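Report on the structure given below.
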Amino acid sequence: MKKLSVVTALLLFAGIVFGQTMKKSVIVGTFDSRVIAVAYYNTEAHMSYVKDLKAEHAKAEESGDKERAKELETIGEASQELAGKQAFSTWPVDNILETIEEKIPEIAKQANVDLIVSKWNIVYQKSGVEFIDVTDVMVKLFNPDERILEMLEQIKQQPPVPLKELEAME
């Protein structure tokens with residue numbers, strides 16, 4: 001039985017290796033993180049989060065809980081700063097990807113890509129690597145309306161603001 005398991009494992013490994021060598025190239029799905037950020041920050045879920053944060057802040061101020069009010073202000077300011085970096089520059093959108101992580105494998109399967117990365121994170125590529133933009137497929141998960149879709153198309157046409165320049169504006 002043990003011998004059969006070893007033979008099976010070796011055959012499986014050989015099949016994987018053979019299959020990979022037969023493949024012509026690696027196919028990489030890329031996305032524009034700015035577009036993902038703007039799509040997410042315009043969702044009902046995020047707007048509800050902001051509304052709840054503001055309501056909790058107002059309640060803390062009304063009750064005289066200055067410490068909690070200050071804490072909520074800090075959270076709000078940090079959230080706004082993060083959103084700005086993500087929407088205008090190339091800051092990672094890991095917090096947003098977490099909200100759709102269970103759907104990413106299906107996106108990869110539909111697009112027939114081997115992996116998905118932010119287009120801003122590619123620092124080198126060798127010949128034979130194929131890239132497919134999966135931004136629009138990912139954006140659909142956030143159910144944007146026509147107004148947001150038009151805005152996202154405009155963002156795609158603009159280069160990102162360099163992070164140093166963005167931070168200098170703050």
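The values are calculated or read from the model by the stated rules, or taken from the named source; none is laboratory data. Predicted, not measured: the structure shown is a model, and the values here were computed from it. With ideal geometry, Cβ positions are generated from the backbone for all residues, glycine too; neighbour counts draw on all protein chains shown. These area figures cover heavy atoms from the full protein model, side chains too; ligands, DNA and RNA do not enter into them. Shrake-Rupley method; radii C 1.70, N 1.55, O 1.52, S 1.80 Å.
Between the helical axis of 66-88 and the dominant principal axis of the chain, each derived from Cα atoms, what acute angle in degrees is found, rounded to the nearest 10?
50 degrees
Give me the lysines in straight-line cross-link reach of residue 164: C-alpha distance below 24 Å, same-chain residues under 8 apart excluded.
Once the sequence-local lysines are set aside, what remains near residue 164 is 85, 119, 156.
Any chance you could give the angle, 0 to 90 degrees and rounded to 10, that helix 44-62 forms with the longest Cα principal axis of the chain?
Taking the Cα atoms of the chain, the angle to 44-62 is about 30 degrees.
What does the helix-only formula give at 222 nm for the chain: each DSSP H stretch with n ≥ 4 adding -39500 (n - 2.57), the total divided by the residues, and the result rounded to the nearest 500 deg cm²/dmol?
-20500 deg cm²/dmol
Residue by residue through the stretch 147-152, which ³J(HN,Hα) values in whole Hz follow from phi under the Karplus form 6.51 cos²θ - 1.76 cosθ + 1.60 (θ = phi - 60°), with glycine and proline marked x?
Residue by residue, the stretch 147-152 yields 4, 5, 4, 5, 4, 5 Hz.
Work out the length of the dipole vector of the chain about its Cα centre, built from +1 on the beta-carbon of each Lys and Arg and -1 on the beta-carbon of each Asp and Glu, and round it to the nearest 20 debye.
Dipole about the Cα centre, nearest 20: 1220 debye.
Rolling a 1.4 angstrom probe over the protein heavy atoms, how many square angstrom per residue are accessible across the chain?
70 Å²
I need the chymotrypsin sites (Phe, Trp or Tyr not before Pro) found in the stretch 80-170, filtered to DSSP loop residues with at most 14 other beta carbons within 10 Å of theirs.
Taking the stretch 80-170 and a limit of 14 other Cβ atoms within 10 Å, the loop chymotrypsin sites (Phe, Trp or Tyr not before Pro) found are 124.
Just the Cα atoms of the chain, one point each, no solvent: what log10 I(q)/I(0) does Debye give at q = 0.13 Å⁻¹?
Taken in order of the listed q values, log10 I(q)/I(0) reads -0.79.
Treat the stretch 21-60 as a sphere of radius equal to its Kirkwood radius over Cα pairs and apply Stokes-Einstein at 4 °C in a medium of 1.567 mPa s; give the translational diffusion coefficient in µm²/s, rounded to a whole number.
It diffuses with D of about 97 µm²/s by this estimate.
Restricting things to alpha carbons, find the Rg to Rh ratio for the stretch 28-112 using the Kirkwood radius for Rh.
1.11
Which percent of the accessible area of the chain is formed by carbon and sulfur heavy atoms (probe 1.4 angstrom)?
Ligands and nucleic acids excluded, carbon and sulfur reach 58 percent.
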